[in-house]
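A short write-up of the structure that comes next.
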Amino acid sequence: MPKERVLITVKTYPTLSRKYGETVCTAGVRADGSWMRIYPVPFRRLEETEHYRKFDWIEADFIPSRSDPRPETHHPADLAKMVPCGHMDTHDNWRERRELLLGKAKVHDRLEPLFDAAKANTMSLAVFKPAKIRGFIWEDDEREWDADKVAQMRDKTRQQELFSEESWRETFKLIPKLPYAFSYQLEDAEGRKSTMQVLDWECGQLYWNCLRRHGDEQTALEKVKAKYLDEFGQRDLHLFLGTTQQYHGFSKNPWVIVGVFAPPYQHQLEFAL
């Protein structure tokens, strides 16, 4: 099968899977602007020397998923051969990123077509431009991973069943669970209001970094809010949306925020004749 190149734009905070251990949902766009979800990717794979960052091009043989019905979901034929092959930087006021993600990829400004597309199983990843950000909130969440799920994964590790063919999975470690769920409150171009959870890796990592720096949960939460509401609010904010497999196809709104794209505004000079 021919290799494909994908620009990684989405990396979510790790979740636990009985079958795959700690996994990260990664997604990105091809050179033509079409989306691909790459799942599963073990979290520890991202800590290897060949890990990839957001806005890295990666190349691999990808196979459409048989277990995930969402149309964009693929998995690498050989995880070890999924390697970075370039990086798209922010040179020239983010020109290349803008051309691909806001030009070739379709930008949506209405939620209703996204709800309809998920129900029809024709779309599960999208770029969305909110007309208005009304707020950024957090809610208490479970502070520990599900004990039964963790126990099952530890058993599989001891039995060498969990990614047993790869030496870097021999020692099972657990990333801390986020104790809060973060969400944007927004409106679309038609004034439709929605609250969408932010599952972006960087949001969770920002919380932990601020907690280590300030030693206080409330201060850390306010710092995250300042970044996502105040700082990103001064930029050309777009959201990468994805549906959750559990609710895709039948939930009224299965969409969550899996990434944030916030380039600076482009200021155009107007000359009076």
Next item on the list: Filter segment 25-58 for residues that are at pLDDT below 75, among the β-branched types (Val, Ile, Thr) and assigned to a strand (DSSP E or B) and give the result.
Entry: Val41
Next item on the list: Might you let me know whether segment 203-211 holds any residue that is surrounded by fewer than 16 Cβ atoms within 10 Å (Cβ to Cβ), closer than 18 Å to Lys132 by Cβ and of a type outside the set (Phe, Trp, Tyr)?
Entry: no
Check: Are there any pairs, at least 6 apart or on different chains, whose C-beta atoms fall under 7 Å, with the first in segment 204-222 and under 15 Å from Phe182 (Cα atoms) and the second among the basic types (Lys, Arg) and part of a loop (DSSP other than H, G, I, E, B), and if so, which?
Finding: none
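The values are calculated or read from the model by the stated rules, or taken from the named source; none is laboratory data. This one's a predicted model, so the numbers in the text were calculated from it and none came from an experiment. Quick reminder, even Gly has a Cβ in these numbers, built from the backbone with ideal geometry, and neighbours come from all protein chains shown.
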